[in-house]
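Contents: one structure, followed by commentary.
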Amino acid sequence: MPGSIQSLSRAAAVLRLFGTGEGRYGLSDTASALGLPKGTVHGILRTLQQEGLVERDAESGTYGLGPELVRLGGTWLRTHELRARALAWADDLARATGEAVRVGVPHPAGVLIVHHVFRRDSTRQVQETGQVVPVMGTALGTVLAAHRPGVSGAAALAPELPHGTRERGWASAPDRVRDGLVCIAAPVHDRHRATVAAVSVSALAAQVRENAAVLEHLVSAVRSCARAISQDLGADHL
C-alpha cells in the first residue's frame, strides 16, 4: 500500500488542530502543537489560506478554519446516505416527543453528529451538527459501543457499559450540553445488520425518573425511529 503524502498529512493535521480547542492559533502556537518548523507551518498555512480552507485574522494574526470548509462539509452532509434517510424520521421523532433529537455515526474521535433537531420550545439551543461527542458518558456512544465493539473508545467504555445494554436495545446518559436532561438512544442497522449509527432523544431527567410512563414512551419512540431508519437502509426483521 502506498505511503501517505507528507505535505497533505501535515495540512490535514493543521485543519484538525484548528477544529479543536479555541479554534484560532498563531503561527508559533501551531508549529509548537504539531512539532513542526515555523517555516514549514507558514507555507502550509499560506497555501490553505489561498484555497479558502484557512483564514487569517488581520488584527490578531491568528489563523482558523476557513469558509470553504463549510461548503465542503455541507456537500458531505447532503450526499451522506444515512443522514438523508434519517432526516424525516428524526424530525418526526422530535415532533412526537417535543424534544431534541440527534443522529450520530462512528468517528475516529468518538461520535459525529450528522443531524440535530431542536426541542420544540423557546429555550436557547446550539446546533450540534458536525460536532464530535465522546463515546464515554453519552447515550449515543454507549449504544454504539455496545453494538459495535470496534468503534473508537469502545474498549475503554466496555467495563462501564450497563449490563444488558445490547440485549435491551437502548441506553441512557445525562445530556452533555444541558444540565437536567437525559438522553435515550437506540442503534441503527444497515442491510447487513451492522450497527452504523444511533439516534437519541432528550428529556427532563426529573420527569424520566419520576414517571415510568414517560421513560417507556421515549424508549418506544426512539426505538421505533431507529427501526424506521434501519428499514430505509435495507435492514429487516428488527
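Condition check ((1) under 23 Å from Trp170 (Cα atoms); (2) touching a Phe, Trp or Tyr at 6+ places or on another chain (Cβ under 6 Å); (3) at pLDDT below 90) across all residues:
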position	(1), (2), (3)
Ser32	no, no, no
Gly39	no, no, no
Leu48	no, no, no
Leu72	no, no, yes
Arg85	yes, no, yes
Ala88	yes, no, no
Leu93	yes, no, no
Gly98	yes, no, no
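Here is a check on your reading of the model: is Gly52 of a type outside the set (Phe, Trp, Tyr) and more than 29 Å from His192 (Cα to Cα)? Yes. Remark: pairs (first residue in the range 60-89, surrounded by 14 or more Cβ atoms within 10 Å (Cβ to Cβ); second residue of a type in the set (Ser, Thr, Tyr) and assigned to a helix (DSSP H, G or I); Cβ separation under 8 Å; 6+ apart in sequence or on different chains) = Tyr63/Thr30.
Those strands (runs of 3 or more DSSP E) of the range 1-120 in which 2 or more residues are at negative phi and outside the structural domain of Gln131 (by TED's automatic domain parsing) occupy 54-56, 63-65.
Are any residues in the range 13-52 among the small types (Gly, Ala, Ser), within 22 Å of Gly110 (Cβ to Cβ) and surrounded by 12 or more Cβ atoms within 10 Å (Cβ to Cβ), and if so, which ones? Steps first, answer last, please.
Filtering the range 13-52 for residues among the small types (Gly, Ala, Ser) gives 13, 19, 21, 23, 26, 28, 31-33, 35, 39, 43, 52.
Remaining after also requiring within 22 Å of Gly110 (Cβ to Cβ): 13, 19, 21, 23, 33.
Listed by number, the residues that qualify are Ala13, Gly19, Gly23, Ala33.
When Asp236 is tested against the conditions (1) more than 24 Å from Val135 (Cα to Cα); (2) part of a helix (DSSP H, G or I), the lone failure is (2).
The values are calculated or read from the model by the stated rules, or taken from the named source; none is laboratory data. Just so we're clear, the structure is a prediction, and the values are computed from it rather than from any experiment. Heads up, the Cβs are rebuilt from the backbone with ideal geometry, glycines too, and the neighbour counts pull from every protein chain shown.
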